[in-house]
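Novice: One structure coming up, written as structure tokens, with questions to follow.
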Amino acid sequence: MNGKIIAGVLVLTALAAGAALYYVQVYAFYRPVEVSAPAAVIRLTPLAGPSEPILVDNFQGIDAESSPLRFRGCFTTPTSLATLTETYSEYETPTPLNAPGWFSCFDAARIGADLEAGAALAFMSEPDIHPGVDRVVAVYPDGRAFAWHQLNESADK
């Protein structure tokens, strides 16, 4: 009889710990990025010169202080893709990182597939926005755009 009680306590403890770990990973650290916050200013790096702000509408974003890689943003830009490609540096190896499921505007798998297929283009937003981390922006021809942080080459060293 004592073995059943001990086993029950162990199972309940494991379930509670698993639920807490899930909550911490998916919800606890993320905060919405206010439109007036500096993180909501989307910049792109011109072919020559420092990053500069671009026009952005309908911005939605999340970020967390626990990791520089947790930033995600969804927005639209009225600037044409032709103008962006003539003016700003493309990003060589874009790899969108997954966002929490509740942040439904950002679908990393779809963005990544569209980048590979050429349906969207990736641009350098801000190099080394944190040490070893770049901000990358993917833009579609219809003006939809997505931003995220990813490790750069210097993080490997």
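The values are calculated or read from the model by the stated rules, or taken from the named source; none is laboratory data. On a predicted model such as this, the values are computed, not experimentally measured, just so you know. Cβ sites come from the backbone with ideal geometry, for glycine too, and all protein chains shown count toward neighbours.
Novice: Which residue is farthest from Ile129 (Cα to Cα), if the candidates are limited to region 21-36 and must be at pLDDT 85 or above and outside any loop (DSSP other than H, G, I, E, B)?
Specialist: Here the answer is Leu21.
Novice: Among the candidates Ala39, Ala82, which residue alone is small (Gly, Ala, Ser), in a helix (DSSP H, G or I), in contact with a Gly (Cβ under 9 Å, 6 or more places away or on another chain) and in the same structural domain as Val139 (by TED's automatic domain parsing)? Give the steps one after another, and end with the answer.
Specialist: Numbers: Ala82 fails: in contact with a Gly (Cβ under 9 Å, 6 or more places away or on another chain).
None of the other options fit; the residue is Ala39.
Novice: Within the group Arg31, Arg72, which residue is more than 12 Å from Phe146 (Cα to Cα) and among the charged types (D, E, K, R)?
Specialist: Arg31
Novice: If you take just the strands (runs of 3 or more DSSP E) that sit entirely in region 86-152, which of them hold at least 2 residues that are closer than 17 Å to Leu44 by Cα, within 11 Å of the chain's Cα centre (by Cα) and touching a residue at least 60 places away in the same chain (Cβ under 8 Å)?
Specialist: 133-139, 144-151
Novice: Oh, and also: Just to be sure before I move on: is Leu55 in the same structural domain as Trp102 (by TED's automatic domain parsing) and either part of a strand (DSSP E or B) or surrounded by fewer than 17 Cβ atoms within 10 Å (Cβ to Cβ) (or both) in the structure I sent?
Specialist: Considered against the rule, which asks whether it is in the same structural domain as Trp102 (by TED's automatic domain parsing) and either part of a strand (DSSP E or B) or surrounded by fewer than 17 Cβ atoms within 10 Å (Cβ to Cβ) (or both), Leu55 comes out as yes.
Novice: Same structure again: Looking at region 112-128, which of the residues that are touching a Leu at 6+ places or on another chain (Cβ under 9 Å) and farther than 13 Å from Tyr140 by Cβ is surrounded by the most Cβ atoms within 10 Å (Cβ to Cβ)?
Specialist: Top of the filtered list is Ser125.
Novice: In region 74-93, is there at least one residue being under 18 Å from Pro38 (Cβ atoms) and of a type in the set (Phe, Trp, Tyr)?
Specialist: Checking region 74-93: at least one residue is under 18 Å from Pro38 (Cβ atoms) and of a type in the set (Phe, Trp, Tyr).
Novice: For Asp63, work out the one condition from (1) more than 20 Å from Val26 (Cβ to Cβ); (2) among the charged types (D, E, K, R); (3) in contact with a Lys or Arg (Cβ under 8 Å, 6 or more places away or on another chain) it doesn't fulfil.
Specialist: (1)
Novice: Now for a separate question. Out of curiosity, is Ala108 within 25 Å of Val26 (Cβ to Cβ), out of contact with any strand residue (DSSP E or B) (no Cβ under 7 Å at 6 or more places or on another chain), surrounded by 14 or more Cβ atoms within 10 Å (Cβ to Cβ) and not aromatic (Phe, Trp, Tyr)? Can you show your working first?
Specialist: Values: within 25 Å of Val26 (Cβ to Cβ): yes; out of contact with any strand residue (DSSP E or B) (no Cβ under 7 Å at 6 or more places or on another chain): yes; surrounded by 14 or more Cβ atoms within 10 Å (Cβ to Cβ): yes; not aromatic (Phe, Trp, Tyr): yes.
Criteria met by Ala108.
Novice: Also, I was wondering about something else. Which of the residues belonging to region 37-54 are at pLDDT below 90 and either closer than 16 Å to Phe71 by Cβ or in contact with a strand residue (DSSP E or B) (Cβ under 6 Å, 6 or more places away or on another chain) (or both)?
Specialist: The answer is Ala37, Pro38, Ala39, Ala40.
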